[in-house]
1. For segment 274-299, what are the residues that are of a type in the set (Val, Ile, Thr) and under 15 Å from residue 244 (Cα atoms)?
2. Looking at residue 167 and the list (1) farther than 23 Å from residue 219 by Cα; (2) in a strand (DSSP E or B), which single condition is not satisfied?
3. Whether any residue in segment 63-73 is modelled with pLDDT under 90 and among the β-branched types (Val, Ile, Thr) is what I want to check.
4. Give me the residue from segment 206-248 that is in a loop (DSSP other than H, G, I, E, B) and open to solvent by less than 10 Å² (accessible area, probe 1.4 Å) and, out of that set, farthest from residue 260 (Cα to Cα).
5. Which of (1) open to solvent by 30 Å² or more (accessible area, probe 1.4 Å); (2) within 24 Å of residue 351 (Cβ to Cβ) does residue 262 not meet, given it meets every other one?
6. Select from segment 280-302 the residues that are assigned to a loop (DSSP other than H, G, I, E, B) and open to solvent by less than 80 Å² (accessible area, probe 1.4 Å) and list them in ascending order.
7. Would you confirm whether any residue within segment 86-98 is closer than 30 Å to residue 185 by Cβ and modelled with pLDDT of 80 or more?
8. Does any residue of segment 152-163 turn out to be aliphatic (A, V, I, L, M), open to solvent by less than 60 Å² (accessible area, probe 1.4 Å), under 21 Å from residue 216 (Cβ atoms) and touching a residue at least 12 places away in the same chain (Cβ under 8 Å)?
Amino acid sequence: MSSISKACLEISNSIKGFRLSRGGAATTPTEGGSTRESGRATSSVTSTISRVIKSATSRMKGLPERAGAETPSSESSLPAVTPERPSLPDIWQNDEILAVFFLYFPASDLCSLAQVCRLWRDVLYRPVYWRGATAVVDFRRWAKDDCDDESRHAFYRSLVQRGFDSLCLFGATDRDATDVAGWLLPACHTTVVSLSIRCSNISDAGLETVLDKLPAVHTLELSGCNEVTEAGLWTCLNARIVSLSISDCINVADDTVGAIAQLLPSLGQLNLQAYHVTDSALTFFSARQSCGLSVLRLQSCWEVTNHGIVNIVRSLPNLTVLSLSGCSKITDDGVELVAENLPKLRSLDLSWCPRITDAALEYIACDLGQLEEARARQVSGDTTRTEGVTSHQVTRWSCNISLDGAVR
């Protein structure tokens with residue numbers, strides 16, 4: 001067995017739950033500290049670690065020699081002194097090598113690797129490894145485990161050290177919002193640009209407390225926040241937000257769209273899932289949003305009809321993505337309005353719109369020349385049939401529509 005193979009075996013046996021993102025399969029720990037893995041996983045892990053070790057070995061050529069080692073001059077007859085190379089155990093204690101090695105892992109694995117030893121934790125807590133990852137603070141789990149304040153604050157400090165730019169608060173209350181605003185947010189108020197609050201009993205006051213401490217946030221998601229009202233959104237929304245998602249918030253209605261249209265001039269993407277939004281809400285959109293807003297997703301807005309579509313195509317002619325999924329009152333006439341007045345559309349979602357027939361697909365195929373993705377799923381009785389192109393990328397709409405509406 002070669003030294004590289006031995007190194008791979010040693011590493012695999014020494015790290016519980018060790019797996020690589022570029023291999024696909026993970027090793028499964030068994031009794032006695034051994035591992036059980038398929039031949040494909042073994043080959044993948046071995047080849048990946050071999051590449052890392054070879055890369056680390058080549059990088060060691062640039063390391064300085066030991067103190068006291070002399071480089072012979074051209075006039076000296078003494079033999080050259082070969083610098084001592086680190087041994088294999090020393091490699092895994094070398095900051096420079098570890099910094100490269102950890103780049104092969106996703107954020108989900110880095111959390112486990114950070115528990116191996118303090119050195120690995122110190123290396124892994126550098127912000128470069130956590131860019132694009134979302135830190136989730138699960139308050140419901142903390143309440144279930146009776147987590148004390150000291151443990152909470154230690155976790156907050158670790159988040160600040162890792163420099164997350166995206167934060168998710170799950171199951172938060174107003175008390176949790178106050179705790180986060182006092183201990184976590186002041187230290188990361190300039191780094192966090194994306195905030196998600198899900199399944200939380202947070203009120204308008206709690207939401208305002210959190211957003212006041214995060215002035216750099218430009219992406220906001222509220223999901224399952226039934227205590228947040230329209231008045232709270234009028235108070236909390238700031239002009240820096242460019243992406244807003246609201247779903248499963250029972251107090252959201254037409255006034256919410258009015259607040260969005262008036263307070264968010266730079267908004268580029270709006271995802272709204274609200275059962276009480278009507279056609280009147282869509283009249284709030286004006287020329288102010290015509291240039292910036294390019295992505296509009298209205299999901300399960302049951303009260304929106306073809307009159308609402310008229311307001312959309314008049315106010316938002318530059319839309320590139322439009323979703324009317326679950327808007328059950330939209331008919332073929334509404335789709336015709338979309339096809340004739342939104343020529344820049346690249347993605348259109350008409351799934352779960354039972355009043356749309358084969359004629360709508362003909363409008364789409366004839367008028368939307370730049371369309372790349374279309375979804376149309378119709379429900380009829382107890383059956384579900386798919387029409388058009390479902391989750392399918394197309395380069396152009398040069399197709400024939402059959403009598404049953406299927407695009408071939």
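The values are calculated or read from the model by the stated rules, or taken from the named source; none is laboratory data. In this text, all values refer to a predicted model and were calculated from it rather than measured experimentally. All Cβ positions, even for glycine, are placed from backbone atoms using ideal geometry, and neighbour counts span all protein chains on display. Areas reflect the complete protein model, heavy atoms only, side chains present, ligands, DNA and RNA absent. Shrake-Rupley method; radii C 1.70, N 1.55, O 1.52, S 1.80 Å.
1. 295
2. (1)
3. Yes, because at least one residue in segment 63-73 is modelled with pLDDT under 90 and among the β-branched types (Val, Ile, Thr).
4. My answer is 214.
5. Evaluating residue 262 over (1) open to solvent by 30 Å² or more (accessible area, probe 1.4 Å); (2) within 24 Å of residue 351 (Cβ to Cβ) leaves (2) as the failure.
6. Correct list: 285, 286, 292, 293, 294, 300, 301.
7. So far as segment 86-98 goes, no, none of its residues is closer than 30 Å to residue 185 by Cβ and modelled with pLDDT of 80 or more.
8. For segment 152-163, residues aliphatic (A, V, I, L, M), open to solvent by less than 60 Å² (accessible area, probe 1.4 Å), under 21 Å from residue 216 (Cβ atoms) and touching a residue at least 12 places away in the same chain (Cβ under 8 Å): present.
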